[in-house]
1. Examine the range 187-197 for a residue that is more than 30 Å from THR74 (Cβ to Cβ), of a type outside the set (A, V, I, L, M) and open to solvent by 50 Å² or more (accessible area, probe 1.4 Å), and state whether such a residue exists.
2. Please find, among LEU135, LEU108, the residue that is of a type in the set (A, V, I, L, M) and in contact (Cβ under 8 Å) with a residue 24 or more places away in the chain.
3. Just checking, how many residues over the range 205-229 are assigned to a loop (DSSP other than H, G, I, E, B), more than 22 Å from the chain's Cα centre (by Cα) and of a type outside the set (Phe, Trp, Tyr)?
4. Determine if the range 174-185 includes at least one residue that is assigned to a helix (DSSP H, G or I), open to solvent by 40 Å² or more (accessible area, probe 1.4 Å), of a type in the set (D, E, K, R) and under 21 Å from GLU34 (Cα atoms).
5. Show the residue pairs meeting these rules: Cβ distance below 9 Å; 6+ apart or different chains; first residue within the range 171-186 and closer than 15 Å to LEU108 by Cα; second residue outside any helix (DSSP H, G or I) and hydrophobic (A, V, I, L, M, F, W, C).
6. Can you name every residue in the range 207-219 that is on the phi < 0 side of the Ramachandran plot and surrounded by fewer than 12 Cβ atoms within 10 Å (Cβ to Cβ)?
7. Would you check if there is a residue in the range 34-57 being small (Gly, Ala, Ser), within 23 Å of PRO215 (Cα to Cα) and open to solvent by 40 Å² or more (accessible area, probe 1.4 Å)?
Amino acid sequence: ERPDVLAAKLMEGRVGIMVDGSPFVLTAPFLLVEAFQNPEDYYTRTIYAGVVRIFRYLAFFLSIMVPGIYVALTSFHQELIPPSLLFSIAAASEGVPFGSFTEVMLFLLVFELLKEAGIHMPKNIGQTISIVGGLVMGEAAIQAGLIGAPVVIIIAFTAVSSFVVPTINNEVTLLRWIFLFAGGFFGGFGISIALIGLTVHITGLESFGYSFASPIMPCRPGDLKDTFIRAP
């Protein structure tokens with residue numbers, strides 16, 4: 001929607017596609033690294049822009065993997081959790097009738113429903129529904145003993161992380177469920193297989209003849225100056 005973004009992409013050699021009746025301009029080819037770039041990066045100092053961009057990559061991986069890792073650790077690999085933290089999780093989940101996988105799956109489903117409701121409602125009402133609904137339902141579920149407090153924290157952290165990279169929010173939602181089922185059924189082994197599968201899939205995609213993972217894979221060192229960080 002921003003003219004400066006379109007102008008920058010045209011100067012990089014991309015093509016802009018304008019469609020009558022749409023406020024958005026499509027650019028092609030589209031690369032994965034573009035999802036982690038923000039127009040404001042080019043109006044701020046290099047060091048700050050680079051650090052923030054690294055946070056975006058970190059938020060992406062956390063948003064898709066944290067629920068699955070939590071379920072894998074609590075269900076299969078309790079020995080990897082520090083004893084004091086393990087006791088805290090056990091105390092907070094005492095009396096909950098569901099396992100960690102079912103807890104996370106149910107509350108993640110509630111979060112997705114609240115998010116969809118907020119999107120399709122008018123803007124002011126939608127924000128109220130998302131915030132109030134999440135707070136009220138989360139607190140009520142904890143008080144009723146249906147969900148443990150750690151699960152609410154995990155889902156809230158995941159939700160905040162997913163909004164850091166809004167361009168690929170739909171893909172993040174799908175990947176989050178894939179990693180959750182992989183961790184819930186196969187533990188850390190499933191998480192590893194899902195991560196390998198995601199890497200193979202991304203590196204195999206193409207956008208108008210260009211590798212979707214370019215310039216990371218295939219690696220072109222000269223083009224890495226605007227990927228993980230923004231070089232001067």
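1. Just the residues of the range 187-197 that are more than 30 Å from THR74 (Cβ to Cβ), to begin with: none.
No, the conditions are met nowhere in the range 187-197.
2. On the way: LEU135 fails: in contact (Cβ under 8 Å) with a residue 24 or more places away in the chain.
Criteria check complete, one pass: LEU108.
3. Our first condition is that a residue be assigned to a loop (DSSP other than H, G, I, E, B); within the range 205-229, this holds for 205, 208-209, 212-220, 224-225, 227-229.
Among the residues that remain, those that are also more than 22 Å from the chain's Cα centre (by Cα) are: 208-209, 218-220, 224-225.
Narrowing further to those that are of a type outside the set (Phe, Trp, Tyr): 209, 218-220, 224-225.
Residues in the range 205-229 being assigned to a loop (DSSP other than H, G, I, E, B), more than 22 Å from the chain's Cα centre (by Cα) and of a type outside the set (Phe, Trp, Tyr): 6 in total.
4. We begin by selecting, within the range 174-185, every residue assigned to a helix (DSSP H, G or I); these are 174-185.
Now narrow it down to the ones that are open to solvent by 40 Å² or more (accessible area, probe 1.4 Å): 174, 177-178, 181, 185.
Narrowing the set further to residues that are of a type in the set (D, E, K, R) leaves none.
Among the residues of the range 174-185, not one is assigned to a helix (DSSP H, G or I), open to solvent by 40 Å² or more (accessible area, probe 1.4 Å), of a type in the set (D, E, K, R) and under 21 Å from GLU34 (Cα atoms), which makes the answer no.
5. That search, which allows pairs on different chains as well, returns VAL172/VAL165; GLY183/PHE76.
6. At the first step, the residues of the range 207-219 found to be on the phi < 0 side of the Ramachandran plot are 207, 210-219.
The answer is PRO218, CYS219.
7. As a first pass, look at the range 34-57 and keep what is small (Gly, Ala, Ser): 35, 49-50.
Going one step further and asking which of them are within 23 Å of PRO215 (Cα to Cα), we end up with 35, 49-50.
Narrowing the set further to residues that are open to solvent by 40 Å² or more (accessible area, probe 1.4 Å) leaves none.
No, every residue in the range 34-57 fails to be small (Gly, Ala, Ser), within 23 Å of PRO215 (Cα to Cα) and open to solvent by 40 Å² or more (accessible area, probe 1.4 Å).
The values are calculated or read from the model by the stated rules, or taken from the named source; none is laboratory data. Because the structure is predicted, anything quoted here is derived from the model rather than measured. Note that each Cβ is placed from the backbone with ideal geometry, even for glycine, and that neighbours are counted across all protein chains shown. These accessible areas exclude ligands, DNA and RNA; they are computed on the full protein's heavy atoms, side chains included. Shrake-Rupley method; radii C 1.70, N 1.55, O 1.52, S 1.80 Å.
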